[in-house]
Structure formats: C-alpha cells, structure tokens
Amino acid sequence: STKYFTISGCNYIDITASNGALPSGYQPIYYSIDNGSTWNSLTPQTTAQSIRPAQTDGDILLKHAGAVSTVSTNVKIHLHTLTSTAKLSGNIASLCFGDNFTDTKTMPDYAYSLLFAGNSTISAHPVYINAQNISFSSYTSVSNYGMYCLFQSCEYLTSLPDFSCITSVGDYGMCETFGGCTSLTTPPDFSNVTSVGNHGMSGVLQLCTSLTTSPDLSSVTTIGDYGMYCLLTNCSSLTTPPDVTGITTLSPYGFASMLRQCSSLTTPPDLRGIKSVSRNGFNGMFKNCSSLTTSPNLSGITFVNSYGLQEMFYGCTSLKTIYAPTISWDTRISSNWAYNVNPSGTLYADASIINSIPTNSKDGCPSGWDKEILN
C-alpha cells in the first residue's frame, strides 16, 4: 500500500508518551488532516495531546521518521469516538519510516509496542475498531517486541489486518498482541509463519472469549522458550485447536498453558510429530479444558525433561482417554498430569512402559481407569 497510516471515524485522537521522559533525539510525529497536503508536528508528552480531523469522522494521516515505540518510551494512541467505528487503514510502516515507507523494510524493535492497548470504552461508550485495512506488507518479520501488546484489551476490536506476509516472529514479537480482545471471532492469518522466538506468541490471543477457531500455525517448525505459552488461554468459545503439526521438538514452556481454560474445546491438536519435550513443555497445556474427552496421541514422544507433563490434563473433567508418551516413567515429570479427570476411562501406553506407569494415581493412570497396551 502507498497510503499513509490513517485513522478515520474519530471525533479526535490522543497521543501520549506513557513511560516518562523521551529519549535523546526523539523525532516528532507528523499528522495531516487534509489528506497529506500539509503536515503538522507533535512531540508526544506524558500528558495527552489531541488531534482533531478537519470534519467530524474525517481522516487523520500519521507518519514518523523512526519507531513510534522504543525502550525509553511507549507511544499510545487513544481513539475517541461515540457514534461510529474507528477505522484504521494504510501502511503502518509510515509510523516508522516517514515518507519512505513503501519499499520492504525491517521492522524496528519495539516498533508498535502498546500502540493501541487499552482502547475499550470512553464515557461508557464502546470503542469499536476496524483494523482490517491496515497494511503490514512492508514487513516479512516481526521484530523483538515489534507488536508487543499492540491491541491488548481492545475489547471491541472487530476485525484484523492481513498478516499473511509475516514469516517469522522475534522475541516477544507478538506477545499479548490481541490479549483480551473479547469481540474477535476470527483468528489472525499466521499461515506463513515458520519460526517463533522466545515468548514470540505467548498470550497472543488469550482471553479472546468470542474466538471459535484457532489460527493456522502449520508452517511453524521452530519455537523458542515460552514461544506459545498461554497462546489461547481462557478462549472459552474455542472449539477448534491450532494446527502445530510442523513442530517436532518442544522448547521449555513451549506449549505451557496453551489451551488452559478453553472450556468448549472437545478435540485436541495433533501432536504426533513431537518427539522431544523440554522442561515444563506441556505444563498445564489443557488445564481445566472441561469438555475435552480424549488426549492427543503422545505415544511418539520418547523424551520428556523434568516437569514436562506437569498438570497437563488437570481439571479435564470429561477426559476418558489418554495416550501416554513412550518414556521411562518418572512421577516428577508427570506431577498432577491427570488430576480431577473423568472417574472412569482408559490409558493407552506402549507395552514397553505400561507396567511402569503407576495405577490409581494422578501422576500416572487415574484412579478407576483401565490400562491398555497401545496397538
């Protein structure tokens, strides 16, 4: 897109530098209310500064020659609209590269961190946000903290940009980007993402209570520590699990609490490609998924590090079938993994390890369950 980043449908917007003093050499933000004919400068301060469009619900164009969010300051934009939807459009790269934003760029670290976080209600009126026309086409990767909490707690965010251009996510790059966006019903397009850094997608969609389907993560082959930690925690309407079939090795806390409290989930993700699980890799992954009836098939897993299975199925009160990993059983690894599950069911395990799994145990085969050799 060749269009500057644009905000429409607002009575006015506030821009704030929320974390104290601006860094040395910080450049002002420029805005236009006449479609780019003239530009005015604004240097963010700790108190809000307002920009009003030329007419009610008119366009506000924004550009900035440098990342709008840095280690020293987080710039926030607050949208003020009482009667209509705030529409975000244009190439978001103009907020980092001024007039020179159309060529492919490398996203600066912290580029859009917290930019729209907390846009929820004003004077008891919901702030509805339509973001589907924002272009991220200048980027193929999300930098470290690049979209950290970008739309966090925007309860009335109703639509998302196209993220199909993104192939990699850096450390904390999409951490809690959409956390608490309770009106979202459709997940972002992550279908071309191949690698996720440390905390790269942790909490990215947590508390999205209207979301019914998971993002397509089938191209991801590498995740860092906590890479998908709390990815979809408390998505209480979710019925479809994420496709994570490209991942074979699970990093520390890689899937920990990924689907915790997803109370409508009945089908687990396909985890048959995973062979090795690092420390706390599955910790609480399905905790309190009260509608889940069967576990994923874990029989192909041959190595689990300390606490790797801890509380994995804790509180899955409908769970009737578990497929155990093929490991040397150690209850420290599986502490409380099957606590408070269905009172009857069947645990399937390879013949080589089935007798080592303790019976009547929340750390092994649950009380009242049968053990069967997996064919």
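A few notes on this one:
- Matching residues in segment 147-183 - criterion: being small (Gly, Ala, Ser), farther than 21 Å from residue 207 by Cα and in a loop (DSSP other than H, G, I, E, B): 164, 170
- Of the residues making up segment 176-205, those that are on the phi < 0 side of the Ramachandran plot and open to solvent by 10 Å² or more (accessible area, probe 1.4 Å) are 182, 183, 185, 186, 187, 189, 191, 192, 194, 195, 197, 198.
- Whichever residue in segment 252-261 is touching a Phe, Trp or Tyr at 6+ places or on another chain (Cβ under 8 Å) and not aromatic (Phe, Trp, Tyr) and, among such residues, is nearest to residue 304 (Cα to Cα): 252
- The set of residues in segment 279-307 being free of Cβ contacts under 8 Å to residues at least 40 places away in the same chain, among the small types (Gly, Ala, Ser) and touching a strand residue (DSSP E or B) at 6+ places or on another chain (Cβ under 7 Å) consists of 281, 295.
- Hits in segment 99-130 (condition: surrounded by fewer than 18 Cβ atoms within 10 Å (Cβ to Cβ), touching a residue at least 40 places away in the same chain (Cβ under 8 Å) and of a type in the set (Val, Ile, Thr)): 102, 122
- Qualifying residue in segment 304-311 (condition: modelled with pLDDT under 95 and surrounded by fewer than 18 Cβ atoms within 10 Å (Cβ to Cβ)): yes
- Some residue of segment 286-298 being charged (D, E, K, R) and touching an Asp or Glu at 6+ places or on another chain (Cβ under 7 Å): yes
- Set 166, 129, 122: member being touching a His at 6+ places or on another chain (Cβ under 7 Å) and either closer than 14 Å to residue 86 by Cα or of a type outside the set (Asp, Glu) (or both): 122
- Filtered residues of segment 257-275 (kept if open to solvent by less than 30 Å² (accessible area, probe 1.4 Å) and touching a strand residue (DSSP E or B) at 6+ places or on another chain (Cβ under 7 Å)): 268, 269, 271, 274
- Filter result for residue 344 (more than 17 Å from residue 268 (Cβ to Cβ), in contact with an Asp or Glu (Cβ under 9 Å, 6 or more places away or on another chain) and loosely packed, with under 14 Cβ neighbours inside 10 Å): yes
- Segment 347-362, residues that are touching a residue at least 12 places away in the same chain (Cβ under 8 Å) and open to solvent by 30 Å² or more (accessible area, probe 1.4 Å): 348, 350, 351, 352, 356, 358, 359, 362
- Some residue of segment 90-106 being of a type in the set (Val, Ile, Thr) and assigned to a strand (DSSP E or B): no
- Yes/no for residue 62 being open to solvent by less than 60 Å² (accessible area, probe 1.4 Å), in contact (Cβ under 8 Å) with a residue 40 or more places away in the chain, under 23 Å from the mean Cα position of the chain (by Cα) and under 26 Å from residue 180 (Cβ atoms): no
- Residue match in segment 211-229 (condition: under 17 Å from residue 118 (Cβ atoms), under 15 Å from the mean Cα position of the chain (by Cα), part of a loop (DSSP other than H, G, I, E, B) and at pLDDT 95 or above): no
- Qualifying position, being surrounded by fewer than 24 Cβ atoms within 10 Å (Cβ to Cβ), aromatic (Phe, Trp, Tyr) and in contact with a Ser or Thr (Cβ under 6 Å, 6 or more places away or on another chain), among 229, 156, 145: 156
- Hey, residue 337 over 17 Å from residue 300 (Cβ atoms), more than 33 Å from the chain's Cα centre (by Cα) and among the hydrophobic types (A, V, I, L, M, F, W, C) or not: no
- Residue match in segment 37-59 (condition: closer than 14 Å to residue 150 by Cβ, at pLDDT below 95 and crowded, with 20+ Cβ neighbours inside 10 Å): no
- Exactly one residue out of 323, 314, 339 is open to solvent by 10 Å² or more (accessible area, probe 1.4 Å) and touching a Leu at 6+ places or on another chain (Cβ under 7 Å): that is 323.
- Meets criteria (farther than 19 Å from residue 32 by Cα and open to solvent by 10 Å² or more (accessible area, probe 1.4 Å)) for residue 87: no
- Single residue of segment 206-226 satisfying the filter (polar (S, T, N, Q) and surrounded by 22 or more Cβ atoms within 10 Å (Cβ to Cβ)) that is farthest from residue 145 (Cα to Cα): 214
The values are calculated or read from the model by the stated rules, or taken from the named source; none is laboratory data. Small disclaimer: the values here were computed from a predicted structure and weren't measured. Cβ sites come from the backbone with ideal geometry, for glycine too, and all protein chains shown count toward neighbours. Only protein heavy atoms, including side chains, enter the accessible area calculation; ligands, DNA and RNA are left aside. Shrake-Rupley method; radii C 1.70, N 1.55, O 1.52, S 1.80 Å.
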